[in-house]
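One structure below.
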């Protein structure tokens, strides 16, 4: 029997992730509070739903890619959520960056009705989501992970099994610490080079040559090369503000996880206070 796929949350990452399901042969049902991306993917062969509950009635594996822990809880456990419609044996794959304890809580709740929850966090960004070259960081029981694997494969270049439930979320928070500290390093070194009169292209060539400046860092620095009037535009500010809020949330969760583990992350703490500056957000209270 063909595995039926569901997907909830069609934002910057979720929409391109879900776009690979129909071409891979999945009977696919989608939901988002914004109807525009649903209509786009329905035109490509998917089916739209009116609620997470409806998605669950038509799916064997369901991806959830919504902004934060409270959204995930609502999608899974709400009155019209996934668990209101899911049959025993359904697997819920949480792609959102959440606290590990959120995954564990949901897994316990879902298990009471024979539904499995895995954390299948993603890294790679919207471009790699569109290309189908994401890396999944997965935690969960082996049987549930095996059932979800065909669902994950069309949008991935690698599926890293981190361990049991919650371990994918732990790994994602650790990777995000690395990511955002790299952004800060790229931003400050680029700012120093430009402020002292160096050609930014020369700076980037040197960084590429010695291996210190990665492709992702170069892509990140693109926003810092834009003219001031472009950076001040409403469209740009809306985009980077969204990235900033996500980064602040992710780093807050990483610092909380570190406190729970009894370790100190002083650089992470500093970087978490500078994301407005790093993302070029026009918000004086966040520019450090």
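The values are calculated or read from the model by the stated rules, or taken from the named source; none is laboratory data. Keep in mind that what you see is a predicted model, and the values were worked out from it rather than measured. No Cβ is skipped: glycine too gets one built from the backbone with ideal geometry, and neighbour counts run over all protein chains shown.
Of the residues 132, 125, which is within 19 Å of residue 13 (Cβ to Cβ), surrounded by fewer than 23 Cβ atoms within 10 Å (Cβ to Cβ), in contact (Cβ under 8 Å) with a residue 40 or more places away in the chain and out of contact with any helix residue (DSSP H, G or I) (no Cβ under 6 Å at 6 or more places or on another chain)?
On the way: 132 fails: out of contact with any helix residue (DSSP H, G or I) (no Cβ under 6 Å at 6 or more places or on another chain).
Unique residue meeting the criteria: 125.
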- Message: Of the conditions (1) surrounded by 21 or more Cβ atoms within 10 Å (Cβ to Cβ); (2) touching a helix residue (DSSP H, G or I) at 6+ places or on another chain (Cβ under 7 Å); (3) over 16 Å from residue 76 (Cα atoms), residue 14 satisfies every one except a single condition; which number is it?
- Response: (2)
- Unmet criterion (only one of (1) modelled with pLDDT of 95 or more; (2) more than 20 Å from residue 278 (Cβ to Cβ); (3) assigned to a helix (DSSP H, G or I)) for residue 120: (3)
- Message: Given (1) closer than 19 Å to residue 129 by Cα; (2) more than 22 Å from the chain's Cα centre (by Cα), identify the lone condition not met by residue 89.
- Response: (1)
- under 18 Å from residue 95 (Cα atoms), in a strand (DSSP E or B) and modelled with pLDDT of 95 or more - does that describe any residue in the range 30-53? yes
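Which of the residues belonging to the range 1-22 are more than 16 Å from residue 149 (Cα to Cα) and in a loop (DSSP other than H, G, I, E, B)?
First, the residues of the range 1-22 that are more than 16 Å from residue 149 (Cα to Cα): 8-16, 19.
Within the range 1-22, 9, 10, 11, 12, 13, 19 meet the criteria.
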- Message: So residue 72 passes all but one of these: (1) within 15 Å of the chain's Cα centre (by Cα); (2) at pLDDT 95 or above; (3) outside any helix (DSSP H, G or I). Which condition number does it fail?
- Response: (3)
- Message: What's the total number of residues in the range 242-284 that are in contact (Cβ under 8 Å) with a residue 12 or more places away in the chain and not in a helix (DSSP H, G or I)?
- Response: 8
- Query: Restricting the search to the range 149-173, which residues are within 24 Å of residue 218 (Cα to Cα) and surrounded by fewer than 16 Cβ atoms within 10 Å (Cβ to Cβ)?
  - Reply: 157, 158
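Answer yes or no as to whether residue 30 is over 18 Å from residue 5 (Cβ atoms), outside the structural domain of residue 246 (by TED's automatic domain parsing) and either in contact with a strand residue (DSSP E or B) (Cβ under 7 Å, 6 or more places away or on another chain) or surrounded by fewer than 24 Cβ atoms within 10 Å (Cβ to Cβ) (or both). Before you say what the answer is, go through the steps one by one.
Details: over 18 Å from residue 5 (Cβ atoms): no; outside the structural domain of residue 246 (by TED's automatic domain parsing): yes; either in contact with a strand residue (DSSP E or B) (Cβ under 7 Å, 6 or more places away or on another chain) or surrounded by fewer than 24 Cβ atoms within 10 Å (Cβ to Cβ) (or both): yes.
The answer is no for residue 30.
Take the range 123-150 and flag every residue that is part of a loop (DSSP other than H, G, I, E, B) and either at pLDDT 95 or above or over 17 Å from residue 250 (Cβ atoms) (or both).
Answer for the range 123-150, where residues must be part of a loop (DSSP other than H, G, I, E, B) and either at pLDDT 95 or above or over 17 Å from residue 250 (Cβ atoms) (or both): 132, 133, 140, 141.
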- Filtering the range 213-251 for residues that are loosely packed, with under 13 Cβ neighbours inside 10 Å and within 25 Å of the chain's Cα centre (by Cα) leaves a count of 6
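Let me confirm something: among 98, 91, which residue is at pLDDT 95 or above, in contact with a strand residue (DSSP E or B) (Cβ under 6 Å, 6 or more places away or on another chain) and not assigned by TED's automatic domain parsing to the domain that holds residue 253? First the steps, then the outcome.
Working: 98 fails: in contact with a strand residue (DSSP E or B) (Cβ under 6 Å, 6 or more places away or on another chain).
None of the other options fit; the residue is 91.
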